[in-house]
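**Student:** Before I ask anything, here is the structure I am working with.
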Amino acid sequence: DLNPRFLEELAETNITVRHHDILNDELEDAHYDLVHCRFLLMHLSQPQRAAERMANAVRHGGWLCLEESDYRATRAADSSHPLAVHFTKKMRLAFDVLRTDGIMDPYFGCGVRGLVEGLDFADVGHDGATWINRGGEIGARFLQMGFALGRETWIATGVLSEKDYAALERL
């Protein structure tokens with residue numbers, strides 16, 4: 001991880017935490033039984049290169065697990081909420097700006113299977129799930145942390161006003 005601060009206090013003795021840049025730092029070939037990343041590739045300028053490097057690090061018979069999000073279906077779950085339409089439109093615009101400005105690809109998740117199919121693994125699977133979150137729940141807090149990545153760009157480009165951003169944070 002480039003920023004392993006959340007992993008530093010792991011008590012397990014069979015886990016080694018390394019500060020590592022998957023695009024540039026050396027990685028052992030055919031060394032690991034499991035290589036896993038979560039919500040990483042969508043933030044990288046070269047996700048294909050990162051996936052190839054991770055695949056090369058998997059030992060024969062091992063596993064590569066890539067978990068990514070895809071925000072295409074993001075919308076207000078309760079269409080009767082007075083801000084539902086506003087929220088849905090603003091989120092679509094906000095995600096489009098993140099993608100076009102190269103900050104992250106919020107629609108990356110649906111492409112993971114195709115990416116893995118090109119990596120020469122014997123068995124490939126792909127699952128999807130939908131999160132339904134209310135404000136304050138863990139999933140909503142996760143999204144709120146992610147929103148911080150786009151805040152300045154969204155406000156600078158006029159996609160969201162300070163007031164819009166504050167309202168989305170509250171939701």
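The values are calculated or read from the model by the stated rules, or taken from the named source; none is laboratory data. A quick note: this is a predicted structure, and the numbers were derived from the prediction, not measured. Glycine also receives a Cβ, built like all others from the backbone with ideal geometry; neighbour counts cover every protein chain displayed. Remember, those area values only see protein heavy atoms, side chains included, never the ligands or the DNA or RNA. Shrake-Rupley method; radii C 1.70, N 1.55, O 1.52, S 1.80 Å.
**Student:** List every residue whose amide H lies under 5 Å from the amide H of Phe39, counting only residues 5 or more places away in sequence or on a different chain, with H placed 1.01 Å from N in the peptide plane.
**Tutor:** Amide H to amide H, under 5 Å and 5 or more residues apart or across chains, Phe39 pairs with Glu67, Glu68, Ser69.
**Student:** Using θ = phi - 60° and the Karplus relation 6.51 cos²θ - 1.76 cosθ + 1.60, list the HN-Hα couplings for segment 80-93 in order, rounded to whole Hz, with x at every Gly or Pro.
**Tutor:** 7, 4, x, 9, 4, 5, 4, 4, 4, 5, 5, 5, 4, 4
**Student:** Would you grab the residues whose amide H sits under 5 Å from the one on Arg59? Only those 5+ places off in sequence or on another chain, please, with H modelled 1.01 Å from N.
**Tutor:** Distant-sequence amide H within range of Arg59: His31, Tyr32, Asp33.
**Student:** Moving on. Based on the Cα coordinates of the chain, what is the per residue volume of their convex hull in Å³?
**Tutor:** Cα-based convex hull of the chain, divided per residue, equals 137 Å³.
**Student:** With +1 on each Lys and Arg Cβ and -1 on each Asp and Glu Cβ, how big is the dipole of the chain about its Cα centre, in debye rounded to the nearest 20?
**Tutor:** 940 debye
**Student:** Suppose each label sits 7 Å from its Cα in the direction of the beta carbon; what would the Val85-Ala73 distance come out to in nanometres?
**Tutor:** About 2.4 nm separates the two model spin labels.
**Student:** Hey, can you find the accessible area per residue of segment 43-171 for me, probe 1.4 Å, expressed in square angstrom?
**Tutor:** The answer is 64 Å² per residue.
**Student:** Taking all protein chains in place and a 1.4 Å probe, what share, in percent, of the accessible surface of the chain do carbon and sulfur account for?
**Tutor:** Reported share for carbon and sulfur atoms: 51 percent.
**Student:** Which value in deg cm²/dmol, rounded to the nearest 500, describes the helix-derived mean residue ellipticity at 222 nm for the chain, given -39,500 (n - 2.57) per DSSP H run of n ≥ 4 and division by the residue count?
**Tutor:** -11500 deg cm²/dmol
**Student:** Report ³J(HN,Hα) in whole Hz for each residue of segment 149-161, in order, from the Karplus equation J = 6.51 cos²θ - 1.76 cosθ + 1.60 where θ = phi - 60°; Gly and Pro get x.
**Tutor:** In residue order, the calculated couplings are 5, x, 3, 4, 5, 4, 6, 5, 8, x, 5, 10, 7 Hz.
**Student:** Each residue of segment 27-39 in turn: what ³J(HN,Hα) in whole Hz from Karplus with 6.51, -1.76, 1.60 and θ = phi - 60°, glycine and Pro shown as x?
**Tutor:** Listing the rounded values in order: 9, 5, 7, 6, 10, 10, 6, 9, 10, 9, 9, 9, 6 Hz.
**Student:** Next question. Which three extents, in angstrom, do the Cα atoms of segment 37-115 have along their principal axes, listed largest first?
**Tutor:** The Cα atoms of segment 37-115 stretch 54, 26, 17 Å along their principal axes.
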